[in-house]
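Here's the structure we're looking at; comments come further down.
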Amino acid sequence: MVVLAASIVSKSGKVLVSRQFVDMSRIRIEGLLAAFPKLVGTGKQHTYVETENVRYVYQPIEALYLLLVTNKQSNILEDLDTLRLLSKLVPEYSLSMDEEGICKTAFDLIFAFDEVISLGHKENVTVAQVKQYCEMESHEEKLHKLVLQSKINETKDVMKRKASEIDKSKIEKNRGDKGGFMSLQSMGSGKIDNSLGDMGISSGGGGGGFGSSSGFGLGGDVESFSSKPKGGRPPSSAIAPPKGLGMQLGKSQRTNQFLESLKAEGEVIVEDVQPKVGPSRSAVPPPTDPVTLSVEEKLNVSLKRDGGVSNFDLQGTLSLQILNQEDAHIQVQIENGGNPGILFKTHPNMSKELFSNENILGLKDPNRPFPTGQGSEAGVGLLKWRMQSTDESMVPLTINCWPSVSGNETYVSIEYEASSMFDLRNVVISVPLPALREAPSVRQIDGEWRYDSRNSVLEWSIVLIDNSNRSGSMEFVVPPADSSVFFPISVRFSATSTFSDVKVVNILPLKGGAPPKYAQRTQLITENYQVV
């Protein structure tokens, strides 16, 4: 009752990734996987195929098959559960469900498969646990890095203090030298002024400021009290205070030597880098396929703290981005989930009759190509839709907050309940707090928390909400406060499935030939999601 292998193959039978969990020869596993496409029927979404020796349990993923090869004595219900978990893991590591995307992340997928299946048997793990195990974060490593960084910071502080003391001693020494020079020069200039007073000649600029054209040969007497200026500059410039003196905390030669000695001992020196000023952009990977279609839905939801929905507004877009001009003469065939509450609206340049009759998005003029470009803003919108509702069952995530005052403390219990429609990712629940001197005392939490002291906000984060944690709670304690202080509660999350379930079925070339390769990106995000 074991899983022999977990594989990802193309519909033509090409093996992209395969992980064996029992001792098998390469010829045997290649023979089993090569025979699989001939046994698969059509029109089935999720089924199995049996032969004399093994059973194939598979699930289509776009143009690929996720396949489990088991013996015939294996429990098929457990195998189906394993297959569902693997189907959730594959999109987490591969951005595009095609041969190129799978091959790029082949080793990550193999490591993830190893966490799910051990010696042919399924481990009791969730998607979040598998991701955590694969990241291999170590608390001891983090602690060691923090201690090492604190030592480096202390060394840099000592270095800066020493550099400052050296600069100060240099300044004091220069001031002492300048003071002796100026006293001698003022004495010399006084003698010159007295000897020339009866002749009606006065010195210009005071303190021996004679030019080279004085005609009395007295410039040499003044220069005899000081070192000769370099470059033939007049002596008057010698008494001007030198520019740039003061506390200079830059990296001097001695500082560099100190850093080099630390590096020689094996220490990691982190240089101070000034942050670059500029608008931050979201880290969306640039498109690599000739045609990219992006489905995005934005949620604007306002929930009542006592229950109910005061506002639910969903807006979605389907945008098209084409890299090359030769792929611009196309039409896009789509399908949707048939939600009657969603109203679709095509771009003015799209053929409305073609969309309403055949669900095909094409330009009114078939000879006109779509715009092309490679920039992040090069996509063109093809379709928009909107849905409004007051049905609370449509809300993907509900929040309940229960503040209660007991003595000199306020106990706040917060719980979330997620709908089974979506698997939510990177969930952050931000709860406003009264002004506090210290962080609140969190007694119990399903997930992680962070206190933003500047904005006085407690952030509750959950990496993934799926069938294993559709509900969760958190309890924390703060000083006495009114219940209205903890509202409005803001929520952020994303999902890879949408309300409209818009999917691209096919790309139709208008000038003949093979259809261009395309990729589809789908996401549901929150724009303004609050509990008021």
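The values are calculated or read from the model by the stated rules, or taken from the named source; none is laboratory data. If you're wondering where the values come from, they're calculated on a predicted model, not measured in any experiment. Here Cβ is always computed from backbone atoms with ideal geometry, including for glycine, and neighbour counts include all displayed protein chains. These area figures cover heavy atoms from the full protein model, side chains too; ligands, DNA and RNA do not enter into them. Shrake-Rupley method; radii C 1.70, N 1.55, O 1.52, S 1.80 Å.
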What's the FRET efficiency of Lys511 with Ser12 using the Cβ-Cβ distance as r and R₀ = 35 Å, to the nearest 0.05?
0.85
Would you kindly find the accessible area of Thr390, with a 1.4 Å probe and non-protein molecules such as ligands, DNA and RNA excluded, rounding to the nearest 10 Å²?
110
Full extension from Val485 to Asn400: what is 0.36 nm times the residue separation minus their Cα-Cα distance, to one decimal in nm?
29.1 nm
The range 431-498, relative contact order in percent, only Cα pairs under 8 angstrom and at least six apart counted:
42
Net charge (Lys, Arg +1; Asp, Glu -1) of residues whose beta-carbon lies under 14 Å from that of Cys401, Cys401 excluded, is -3
5 angstrom amide H check on Leu510, placed H, neighbours 5+ away
Ile330, Gln331
Where a Cα-Cα gap under 15 Å defines reach, which aspartates and glutamates qualify for Lys298, not counting those fewer than 8 residues away within the same chain?
Asp313, Asp501, Glu527
Counting only protein heavy atoms and using a 1.4 Å probe, what share of the accessible area of the range 3-135 belongs to carbon plus sulfur, as a whole percent?
49
For Leu16, what is the net charge nearby, where nearby means another residue's Cβ is under 11 Å from its Cβ and Lys, Arg count +1, Asp, Glu -1?
-1
In nm, spacing of pseudo-spin labels at Leu95 and Lys38 (7 Å Cα→C-beta vector):
3.9
Around Ile462: net Lys/Arg minus Asp/Glu count, Cβ-Cβ under 10 Å:
-1
Near-label residues of the range 110-136 by backbone N, under 16 Å of a point 7 Å along Cα→Cβ of Asp23:
119-120
Rounded to whole Å², per residue accessible area for the range 427-527 with a 1.4 Å probe reads 51
Relative contact order, percent, the range 287-531 [alpha-carbon distance under 8 Å, six or more residues apart]:
28
Once phi for every residue in the range 160-170 is put through the Karplus expression 6.51 cos²θ - 1.76 cosθ + 1.60 (θ = phi - 60°), the whole-Hz ³J(HN,Hα) values, with Gly and Pro written as x, are 5, 5, 5, 5, 5, 5, 5, 5, 5, 5, 5
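Which pairs, out of Lys11/Lys104; Lys304/Lys384; Lys104/Lys517; Lys14/Lys511; Lys104/Lys131; Lys88/Lys503, put more than 24 Å between their alpha-carbon atoms?
Listed pairs above 24 Å: Lys304/Lys384; Lys14/Lys511.
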In cubic angstrom per residue, the convex hull of the range 287-531 built on its Cα atoms measures 140
